[in-house]
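Take a look at the following structure, please.
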Amino acid sequence: MKSIFSSTVRFSIGLVAIFCCAGTSLAQETKIASIFTDHMVLQRELPVVIWGSGKSGDTITVKFAGQEMSAPVDKDGRWQVTLKPLEASAEPRELTVHSANGQADVKLSDVLVGEVWIASGQSNMELPLKNTKNSLPNDDHSLRLFHVNRNASPTPVSDVDGKWEDSVTGDAGSFSAVGFYFGRDLRKALNVPVGVIESSWGGTPGRAWTPRDMLLTVPSMKVQIADLDNAIATYNPAEVEKNYQASVAKVKAAIEKATAEGKPAPRIPPKPLAPGHVPHNPSALYNGMIAPLVPLTLRGVIWYQGEADRKAASDYRILFPTLIKSWRQQFGRELTFLFVQIAPHKEMTPEIRDAQLFTWRTVPQTSMVVITDHGSADNIHPKEKEPVGARLSLAARAMAYGEKIEYSGPLFNKAVFKDGQAILSFQHIGAGLVAKDGPLRGFEISGTDGKFVPATATIDGDKIVVKSEHVAAPQAVRFGWTNVPDVNLFNQEGLPATPFRTDSDE
């Protein structure tokens with residue numbers, strides 16, 4: 001049996017995602033893609049793509065902000081227009097989609113123009129505002145939020161389940177806390193409307209968010225994709241249901257026995273998902289939660305993910321840059337891509353943070369937010385999300401909007417080993433290096449034997465000198481190289497240094 005991920009489907013990933021699912025040759029009703037709803041924000045200063053479906057042969061006209069653009073509905077029931085770049089505006093305006101054949105017009109109200117970002121990743125991005133340490137009440141009607149409901153799919157879909165909401169009158173408490181704080185701070189800095197689209201799912205790996213055709217370029221993914229194809233091809237729903245019901249019957253019997261004996265009772269297991277709809281499988285979440293957003297015009301992406309990939313950090317060094325490249329290809333521009341380095345936690349290895357650092361160093365138009373000062377050894381979901389959003393906003397202001405501000409903590413640049421010590425230089429030192437709350441912590445040094453021991457580190461101008469009486473001829477230095485780093489190197493702007501190693505294989 002041929003895989004459902006045929007070459008035709010792979011070729012069509014970007015194209016199919018352009019149009020909503022009603023767009024077939026049988027479609028009669030004029031529709032606009034589901035990402036376009038009342039209260040939305042359109043991207044300023046770039047050509048704005050708007051698309052949808054209708055009756056083949058019809059002509060569709062989109063009117064907004066004094067512009068009027070028309071396009072035919074093709075043989076597959078699809079249409080697409082592009083508005084000329086728009087100026088930012090907080091004035092609520094109406095966008096209309098008109099059919100020349102007399103189909104009912106589509107009208108969107110309260111549409112603003114400003115900056116549009118996607119907020120994606122796993123549980124630390126998904127964590128809602130209401131479950132975190134909250135800040136002052138929000139009264140900003142120009143911050144708009146769109147929550148993409150969960151959907152795992154074996155193939156790219158074209159509809160997305162969700163709606164735009166005013167962050168004051170809508171349910172902001174259920175929205176991503178990181179996404180909310182990022183949007184709020186960006187609003188204050190830019191003074192234009194901001195729209196944030198949250199598309200996240202806890203516990204999911206990077207492969208689930210990457211298109212299939214790009215995953216096939218990652219060596220470690222080929223076996224996983226082949227296994228998935230085989231699982232889909234051999235999936236027998238009737239047999240799975242039969243086995244599940246047999247399992248449920250056994251559990252029910254065990255429940256009755258436990259209840260009679262006054263013992264804790266087992267739980268009935270959830271019904272297994274079809275392999276193409278398992279959220280951690282390759283491309284499942286790209287297909288269901290990102291593809292239907294393509295080719296929306298937007299400025300960039302904020303990303304908080306990697307915890308699920310901690311045991312495959314070497315693979316993540318290839319996978320994560322591939323994910324970024326694939327999203328840029330699908331959306332058709334060099335999106336600014338900002339991501340959060342994994343917070344300190346007892347299960348989060350230094351190698352996964354190093355893989356993220358590698359991505360920042362090697363992929364253009366990216367930046368990494370460091371949060372070593374906002375983690376928890378025992379809680380994988382630190383509750384302080386406001387600083388995370390604030391630092392992402394700083395990075396956006398510098399990377400996407402060209403502000404001349406310091407947006408990162410110290411970044412290791414070079415090591416010189418001489419006279420029994422290591423002299424380290426850095427980028428992003430800002431107004432100067434700072435040891436917060438006492439002498440520098442978290443430095444280790446090794447000699448020719450490769451064994452690392454705790455080291456003394458001191459700030460010397462814009463450099464740091466590292467040494468140990470137990471290492472006569474230093475060869476390498478590591479900083480914060482542990483699951484839960486206890487580190488205190490900052491710049492005067494209050495931004496922490498990323499953990500690093502001078503013996504990296506970059």
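Over the chain, what is the relative contact order in whole percent, taking alpha-carbon pairs under 8 Å and six or more residues apart? Walk me through the numbers on the way to the answer.
Numbers: 1217 pairs, mean separation 68.5, N = 506.
Across the chain, relative contact order equals 14 percent.
For Asp161 and Tyr244, FRET efficiency with R0 = 35 Å and r from the beta-carbon atoms, rounded to 0.05?
Numbers: r = 26 Å, r/R0 = 0.75.
Plugging the Cβ-Cβ distance into 1/(1 + (r/R0)^6) gives 0.85.
Ranked highest first by average number of other Cβ atoms within 10 Å, how do 277-284, 176-183, 251-258 line up?
Working: 277-284: 22.1, 176-183: 28.9, 251-258: 12.8.
With the highest mean Cβ count within 10 Å placed first, the list reads 176-183, 277-284, 251-258.
Angle between the Cα long axis of helix 386-399 and the longest principal axis of the chain, 0 to 90 degrees, nearest 10?
80
Just to confirm the number: angle between the C-alpha axis of helix 313-331 and the first principal axis of the chain, 0 to 90 degrees, nearest 10?
Helix 313-331 sits at roughly 40 degrees to that axis.
For the chain, what proportion of DSSP beta bridges, expressed in % and rounded to the nearest 5, is antiparallel?
Working: 56 of 84 bridges.
Approximately 65 percent, going by the DSSP bridge assignments.
Roughly how many whole Å is it from the C-alpha centroid of segment 444-506 to that of segment 112-146?
Going from one Cα centre to the other spans 36 Å.
When the Kirkwood radius is taken over all Cα pairs of the chain, what Stokes-Einstein diffusion coefficient follows at 20 °C and 1.002 mPa s, in µm²/s?
On the way: Rh = 24.9 Å.
Here the translational diffusion coefficient equals 86 µm²/s.
Per the 1.4 Å probe, what fraction of the accessible area of segment 293-432, in percent, lies on carbon and sulfur atoms? List each step's numbers first, then the result.
Details: 2230 of 4730 Å².
The nonpolar share, carbon plus sulfur, comes to 47 percent.
Okay, next question. So which lysines pass the test for Lys252, namely a Cα distance under 20 Å, with those fewer than 8 places away in the same chain ruled out?
Lys242, Lys263, Lys271
Right, here's the next one. Applying a 10 Å radius around every beta-carbon, put 330-337, 99-106 in order of their mean neighbour count, most first. The partial results should precede the final answer.
Working: 330-337: 18.4, 99-106: 14.8.
Final packing ranking: 330-337, 99-106.
Suppose R0 equals 25 Å; then what is the FRET efficiency for Lys325 and Lys222 from their Cβ-Cβ distance, rounded to the nearest 0.05?
Working: r = 17 Å, r/R0 = 0.70.
FRET efficiency, Lys325 to Lys222: 0.90.
Which value, in Å², gives the accessible area per residue of the chain when a 1.4 Å probe is used on the protein heavy atoms? Don't skip to the end; give the middle numbers.
Details: 21390 Å² over 506 residues.
Counting only protein heavy atoms, the per-residue value for the chain is 42 Å².
Can you show me the helix-derived [θ] at 222 nm for the chain, built from DSSP H runs with n ≥ 4 at -39,500 (n - 2.57) apiece and divided by the number of residues, rounded to the nearest 500.
Numbers: 10 runs with 117 residues, N = 506.
Result for the chain: -7000 deg cm²/dmol, rounded to the nearest 500.
Now for a separate question. Taking 0.36 nm per residue of sequence separation and subtracting the Cα-Cα distance, how much length would be gained by fully extending the chain between Asp139 and Glu256, in nm to one decimal?
Stretched out fully, the Asp139 to Glu256 stretch lengthens by 36.8 nm.
Let me ask something else about it. What is the percent carbon and sulfur in the accessible area of segment 39-94, measuring with a 1.4 Å probe over the protein chains and ignoring ligands? Kindly include the intermediate steps, with their values, before the conclusion.
Working: 1160 of 2540 Å².
In segment 39-94, the share of accessible area belonging to carbon and sulfur is 46 percent.
How much length would be gained if the chain were fully extended between Lys383 and Thr458, taking 0.36 nm per residue of separation minus their Cα-Cα distance, in nm to one decimal?
Numbers: separation 75, 0.36 × 75 = 27.00 nm, distance 3.21 nm.
Gain in length upon complete extension: 23.8 nm.
Moving on. How big is the dipole moment of the chain about its Cα centre under a simple scheme where the beta carbon of each Lys and Arg is +1, that of each Asp and Glu is -1, and everything else is neutral? Debye, nearest 20, please. Mind showing how you got there, number by number?
Working: 53 positive and 55 negative charges, 162 e Å.
It works out to roughly 780 debye.
Next question, about the same structure. Give the carbon-plus-sulfur fraction of the accessible surface of segment 96-162 in %, rounded to a whole number; probe 1.4 Å, heavy atoms of protein chains only.
Numbers: 1260 of 2660 Å².
Heavy-atom surface of segment 96-162 belonging to carbon and sulfur, 1.4 Å probe: 47 percent.
Evaluate E = 1/(1 + (r/R0)^6) for Asp437 and Asn101, where r is the Cβ-Cβ distance and R0 equals 56 Å; express this FRET efficiency to the nearest 0.05. Each step should come with its number before you reach the end.
Values: r = 70 Å, r/R0 = 1.25.
Calculated value: 0.20.
The values are calculated or read from the model by the stated rules, or taken from the named source; none is laboratory data. This is a predicted model, so every value here is computed, not measured. Cβ sites come from the backbone with ideal geometry, for glycine too, and all protein chains shown count toward neighbours. SASA here: full protein model, heavy atoms, side chains in, ligands and nucleic acids out. Shrake-Rupley method; radii C 1.70, N 1.55, O 1.52, S 1.80 Å.
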